[in-house]
Structures are given as C-alpha cells and as structure tokens.
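Step one of this worksheet: look at the structure below.
The values are calculated or read from the model by the stated rules, or taken from the named source; none is laboratory data. Everything numeric in this text was worked out from a predicted model, so none of it was measured. We place every Cβ from the backbone using ideal geometry, glycine too, and count neighbours over all the protein chains shown.
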Amino acid sequence: MQSHSINLVNTLSQGLDELQIELPASTQLKILSYLELLAKWNSVYNLTAVRDKSEMIPKHVLDSLAILPYICGTRILDVGTGAGLPGLLLAMARPDLQFFLLDSSAKKIRFVKQAIIELELKNAFAINTRTEQFNPEYKFTVISRAYASLSLFYREAARLCALEGCLLAMKGVYPEKEIAQMAQLPVHLESFRLQIPQLQAERHLIVMRPF
C-alpha cells in the first residue's frame, strides 16, 4: 500500500472520529488509495467534479460513510454508482456485506472494476446496465446518491428491494416537493438529517420502505 500525506491521513481519521465510525488503519489506508486512484483516472475520464483529494474526503468519503448506521440486509445495490460512490466506500467499511455497484456508463464501470481489483475488494461487484433493465435473481437494500427524484428512484428500484430491506436515497437539502409527490404511493418514508464533518452543505437521507 502506497504512503499517503500525513494531512490526508489526519483529515480522514478526524472525520471518522466525528462520525463515530471506527475503521482499522488498514481500511483507512485503502480508502486513501481509492482516492489516489480516483484522482489519477479523473484527469482522463472526468469521473467527478471534485479534483482535490482533501476535498474528496468530506464530499465523497465522509458523505458516503455517514449512511452506514442506516444500512439493513446483507446484499446492497448501489444504483447509479458513478465512480463507486457510495458503494465502494461502504464495501471497504463493511467487508461482511456484499455490494453490487450498478451504472449504465461503461467508462465509470471500467474504473469501478479496476478499483475493485487494485483494492482487493472481495465483496464488491460491478454491473454495467440501466436500473430498469437489471433483472437479478435476488433482492437488495438499494442505495442512490444524487441519482434521480424520489418517485423515479422508487418506480425503478422498489421491485429490487428485499422484504427486510429498504431504499436509501441520499439527498442534499430536504426534498420537500419530492416527498409530497410520494404521498399516494405504497411506501413508508423517514427522513434523517446527516451532519457531515468538514462539510457546510446540507445532507439528508430518505429511507423508504415499500409495503
């Protein structure tokens, strides 16, 4: 594992402490190696608008890991994973669970596959298809981050949701209008405001349980 700047190591460690998430040093180094890889590929593939690795820690890493307490079930599907966010980070933090990372963009899935190989993640699997065309043999807890409106996410992903699972929609500001549009649908909604260390922007998690 390559060495990383003390500044990045400390920024990550401090952020995890504030989130009250305990990860072994080896996992923290793996997360920083992921950022190195993302920064390297980003110059060619334009995977994320965030260029600076120190900015990636709050905006990508801590933002992704903040939903750890809300994950249920053992199989997690990350739809519209992009550069593997939040799926790859969650897979590093929870090696006991299986993570399936789905995106319709071939170049993004190429990056995710390379990251899985280089980071030696045995519990992460990349899938290049659209959510509505995905027909797996089993069901999941489904996560989306900046994917679509709640109603579109629900329409496309509810059929993929396990009985004991849920749909987790990661949002910025509280999506009042989107929640209002869900009123007639057979789903139970809960909203949680997330405090992301080192990040001023608002973050909310909407937990949807179809019934």
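Structure summary
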| read-out | value |
| --- | --- |
| Pair list, Cβ < 9 Å and 6+ apart or interchain, from segment 16-35 residues that are without any contact (Cβ under 8 Å) to a residue 40 or more places away in the chain to residues that are among the charged types (D, E, K, R) | LEU32/LYS53; LEU35/LYS53 |
| Single condition ASN46 does not satisfy, out of (1) under 14 Å from the mean Cα position of the chain (by Cα); (2) surrounded by fewer than 23 Cβ atoms within 10 Å (Cβ to Cβ); (3) of a type in the set (S, T, N, Q) | (1) |
| Among the candidates HIS204, HIS188, residue that is assigned to a strand (DSSP E or B), under 16 Å from the mean Cα position of the chain (by Cα) and not hydroxyl-bearing (Ser, Thr, Tyr) | HIS204 |
| Top-ranked residue of segment 5-42 - restricted to ones that are of a type in the set (A, V, I, L, M, F, W, C) and assigned to a loop (DSSP other than H, G, I, E, B), ranked as surrounded by the fewest Cβ atoms within 10 Å (Cβ to Cβ) | ILE21 |
| Elements of type helices (runs of 4 or more DSSP H) contained in segment 54-171, each with 2 or more residues being in contact (Cβ under 8 Å) with a residue 24 or more places away in the chain and touching a Gly at 6+ places or on another chain (Cβ under 7 Å) | 106-118 |
| Positions within segment 187-198 being at pLDDT 95 or above and over 22 Å from ASP78 (Cα atoms), in sequence order | PRO197 |
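Residue-wise test of (1) crowded, with 20+ Cβ neighbours inside 10 Å; (2) at pLDDT below 95.
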{"site": "GLN98", "(1), (2)": "no, no"}
{"site": "LEU101", "(1), (2)": "yes, no"}
{"site": "ILE116", "(1), (2)": "yes, no"}
{"site": "ASN123", "(1), (2)": "no, no"}
{"site": "THR129", "(1), (2)": "no, no"}
{"site": "PRO136", "(1), (2)": "no, no"}
{"site": "THR141", "(1), (2)": "yes, no"}
{"site": "ALA148", "(1), (2)": "no, yes"}
